[in-house]
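Let me begin by presenting the structure, written as structure tokens, before commenting on it.
The values are calculated or read from the model by the stated rules, or taken from the named source; none is laboratory data. Remember, predicted model here, so these are calculated numbers, not experimental data. Glycine also receives a Cβ, built like all others from the backbone with ideal geometry; neighbour counts cover every protein chain displayed. Please note that ligands, DNA and RNA were not included when accessible areas were found on the heavy atoms of the full protein model with its side chains. Shrake-Rupley method; radii C 1.70, N 1.55, O 1.52, S 1.80 Å.
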Amino acid sequence: MTVDSSAARKPRRSTAGKAGTTGTTRNTSTGATRGTEPELVQLLTPEGKRVRIAKNAKNAQHAQYAQYVADITPEELRGLYRDMVLTRRFDAEATALQRQGELGLWASLLGQEAAQIGSGRATRPDDYVFPTYREHGVAWCRGVDPTNLLGMFRGVNHGGWDPNSNNFHLYTIVIGSQTLHATGYAMGIAKDGADSAVIAYFGDGASSQGDVAESFTFSAVYNAPVVFFCQNNQWAISEPTEKQTRVPLYQRAQGYGFPGVRVDGNDVLACLAVTRWALDRARNGEGPTLVEAYTYRMGAHTTSDDPTRYRHDDERAAWEAKDPILRLRRYLEASNHADEGFFAELETESEALGKRVREVVRAMPDPDTFAVFENVYADGHALVDEERAQFAAYQASFADAEGV
């Protein structure tokens with residue numbers, strides 16, 4: 001398995017100078033973000049170097065985040081790398097299976113591995129996660145068998161796993177609605193006095209949904225222990241972020257009275273650190289936080305989408321050096337935290353995962369094409385019966401044609 005170098009586009013307009021105190025600026029020694037790019041929390045540069053955080057008033061907030069990964073071990077770093085590589089391999093296999101007709105649809109996470117693995121590994125087992133439908137890396141971190149994610153996309157079930165076994169809710173197709181579920185759940189555990197937190201995932205497009213605004217309102221008023229984790233991959237299908245908002249997304253939190261932070265979504269260490277900080281706030285009774293992981297969707301919105309119709313190749317090429325997996329590999333190699341034996345062993349594990357995914361999916365039953373007519377009405381309905389009969393005749397026509 002080859003780790004593809006994949007990345008994102010440059011924003012169409014500069015948001016620098018609007019990011020407040022949560023950003024960092026570039027200097028020649030660290031290579032951190034600067035110029036026309038938005039200010040954000042970054043702890044590992046695209047070149048694979050740890051950002052040195054000066055202990056002064058200007059960088060006090062950055063130091064606050066950095067302390068959450070200050071004692072991270074080489075073993076933990078290798079674990080984060082393994083998570084990202086295997087998640088990308090699973091995602092690539094699922095995309096290929098859809099192209100081969102084994103899945104009806106697939107929503108790829110390509111390019112968003114650091115945001116998902118970093119935030120997912122920040123959670124505790126007793127925390128509860130509410131995903132959308134692209135959080136395959138978070139599901140991996142929560143211990144959900146990746147093959148269980150594929151049943152819904154094949155049409156054989158409505159999810160494929162027990163949400164309460166891993167505190168990982170079923171995928172949500174209705175955009176933004178899971179933020180209300182997460183807020184209500186968080187309000188409930190707060191009343192129960194539980195020492196846990198909730199995290200809700202959504203994208204930049206979903207941030208414009210009314211459900212998300214209502215979630216912000218209720219979570220703020222009731223001081224709910226919830227983290228809103230927005231993966232800003234810069235495209236809501238074919239709409240760029242600048243058509244969604246006039247300010248950086250994380251600044252929306254100010255209007256609701258709780259903190260917002262923009263983090264480099266291709267930096268797994270920064271995502272891990274900032275999410276740990278936000279979850280700690282929630283557990284300590286300090287209320288909600290909005291984390292905007294500034295990343296990029298390197299593939300299509302789903303396999304039914306053609307991104308070449310609305311974005312240019314040079315946009316993706318401009319971000320290739322920011323690839324989250326390549327970034328961490330550079331750091332591991334430069335720090336002598338991983339050798340060729342580790343990478344070779346991971347290659348073998350990746351191949352085995354790909355093979356298992358293919359075998360499991362191809363062994364799944366075909367969807368029941370008549371199930372759509374069940375449970376429409378509790379006592380049945382003449383119109384549904386008529387439609388079922390028409391569909392049965394339509395299906396039978398294929399068998400008749402094959403017999404000719």
Could you tell me whether any residue of segment 133-149 is closer than 20 Å to ARG297 by Cβ, part of a loop (DSSP other than H, G, I, E, B) and touching a Phe, Trp or Tyr at 6+ places or on another chain (Cβ under 7 Å)? yes
I need the full set of residues from segment 207-223 which are aliphatic (A, V, I, L, M) and in contact with a Ser or Thr (Cβ under 7 Å, 6 or more places away or on another chain), in order please. VAL212
Of all residues in segment 73-92, count the ones that are under 18 Å from ALA107 (Cβ atoms), in contact with a helix residue (DSSP H, G or I) (Cβ under 7 Å, 6 or more places away or on another chain) and open to solvent by 20 Å² or more (accessible area, probe 1.4 Å). 1
Take the residues in segment 93-109 that are out of contact with any helix residue (DSSP H, G or I) (no Cβ under 8 Å at 6 or more places or on another chain) and either acidic (Asp, Glu) or free of Cβ contacts under 8 Å to residues at least 12 places away in the same chain (or both); name whichever of them is surrounded by the most Cβ atoms within 10 Å (Cβ to Cβ). ALA96
Restricting to segment 284-312, what's the tally of residues that are under 20 Å from the mean Cα position of the chain (by Cα) and in a loop (DSSP other than H, G, I, E, B)? 12
Does segment 265-281 include one or more residues that are over 23 Å from ILE53 (Cβ atoms) and outside any loop (DSSP other than H, G, I, E, B)? no
Any residue at all in segment 286-303 that's under 20 Å from LEU44 (Cα atoms), touching a residue at least 60 places away in the same chain (Cβ under 8 Å) and exposed (fewer than 14 other Cβ atoms within 10 Å of the Cβ)? no
Report yes if ASP145 is without any contact (Cβ under 8 Å) to a residue 60 or more places away in the chain, closer than 23 Å to ARG358 by Cβ and among the acidic types (Asp, Glu), otherwise no. yes
Just the residues that are free of Cβ contacts under 8 Å to residues at least 60 places away in the same chain, open to solvent by 20 Å² or more (accessible area, probe 1.4 Å) and either of a type in the set (A, V, I, L, M) or in contact with a helix residue (DSSP H, G or I) (Cβ under 6 Å, 6 or more places away or on another chain) (or both), please, taken from segment 110-140. TRP140
Single condition ALA190 does not satisfy, out of (1) in a helix (DSSP H, G or I); (2) within 19 Å of the chain's Cα centre (by Cα): (2)
Output the qualifying pairs, or none if there are none: Cβ atoms under 7 angstrom, residues six or more apart or on different chains, first residue in segment 371-398 and within 22 Å of VAL156 (Cα to Cα), second residue assigned to a helix (DSSP H, G or I) and open to solvent by 60 Å² or more (accessible area, probe 1.4 Å). PHE373/GLU387; PHE373/ARG388
Could you list, in sequence order, the residues of segment 305-338 that are open to solvent by 70 Å² or more (accessible area, probe 1.4 Å), farther than 20 Å from GLN112 by Cα and polar (S, T, N, Q)? ASN336
With ALA224, ALA200, ALA213, ALA220 as the choices, which residue is within 27 Å of GLY285 (Cα to Cα) and part of a loop (DSSP other than H, G, I, E, B)? ALA224
For segment 350-384, how many residues meet the condition of being touching a helix residue (DSSP H, G or I) at 6+ places or on another chain (Cβ under 8 Å), more than 24 Å from LEU103 (Cβ to Cβ) and part of a helix (DSSP H, G or I)? 1
Kindly check whether there is at least one residue in segment 150-162 that is open to solvent by 40 Å² or more (accessible area, probe 1.4 Å), assigned to a helix (DSSP H, G or I), of a type outside the set (Ser, Thr, Tyr) and modelled with pLDDT under 95. yes
Out of segment 193-233, which residues are more than 17 Å from the chain's Cα centre (by Cα), surrounded by 24 or more Cβ atoms within 10 Å (Cβ to Cβ) and of a type in the set (Ser, Thr, Tyr)? SER215, SER219
Just one of (1) assigned to a loop (DSSP other than H, G, I, E, B); (2) within 25 Å of ASP91 (Cα to Cα); (3) among the small types (Gly, Ala, Ser); (4) open to solvent by 40 Å² or more (accessible area, probe 1.4 Å) trips up GLY341, so point out which. (1)
So which residues in segment 116-137 are small (Gly, Ala, Ser) and closer than 18 Å to ILE173 by Cα, if there are any at all? GLY137
